[in-house]
Amino acid sequence: SEIYKKNCFFISSKYPLLMEKIKRFENLKKENYFIEFINNHFELVDINNNYTYNCDPFYDAQYRCKDINNKPVFNLIKTSNIEKGVFYKNSINAKDSINDFLNLERSKEFKFNKFIFFGTLLGVHLNDLDKELNSFAYLIVEKNIEIFRLSMFLTDYESLARNSKLF
C-alpha cells in the first residue's frame, strides 16, 4: 500500500489526466481483476479465476532482463508524424504522446535511447528492465486502466521516472 500511495501522489502531480481516469474507474466500484498472494508470490487474477503469471512475477521480471543486451532489439524508425484524429473531450491524445515520445531528443549517452512497454501486467518487470536498459525515455501502453491501477501496488513509477522521461 505504501508503493500505491507513493504512485498516487506521483501520478497526481505529473500525470493528472491519468490520475483522473484512475479515480473515475475506482468510483465505478467494479472489479474485474485483483492481486492475490498464492504459493509465495503475487498473481494477477481475473474474475473468472484465470491466472496471468502462474509463477513469481519478480522471477519472471529477472528472467526477462537476463542477457537483454545480447538479445535482438527491434528499432522503431519514425518517418513522419502520426496524424491526429478526432478525440473526445478530456481524453488523452495518445497520438500526441507517441509523437512527443518519438521526437524526443536524447540528452545523454545510453545503450537504448527509447523503449516501449506494451502492457504492464503487475509491472514488476518495468523497474528491473530499466536497471538493465537505462533508457532515456519509456512509453508505457496499458489499454486496461484497471490493470494499470493494480500495477501501481507493485511498480515504483516515480523511481522509473528519476532518470528517464515517461509517457
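Every number in this text was worked out from the coordinates using simple rules, so none of it is lab data. Everything numeric here is computed off the predicted structure, so don't read it as measured data. Virtual Cβ from ideal backbone geometry, glycine too; neighbours counted across all protein chains shown.
Structure notes:
- Each residue of region 16-22 is assigned a 3J(HN,Hα), and the resulting list reads x, 5, 5, 5, 4, 5, 5 Hz, derived from the Karplus form 6.51 cos²θ - 1.76 cosθ + 1.60 (θ = phi - 60°), x at Gly and Pro.
- Among the listed pairs K114/K165; K6/K165; K21/K114; K6/K66, those with a Cα-Cα distance over 21 Å are K21/K114; K6/K66.
- Listed residue (I22, I38, Y51) projecting farthest to the positive dipole end of region 13-62, Cβ model: I22
- Three-way shape label, region 111-167, alpha-carbon gyration tensor, a/c 1.5: prolate
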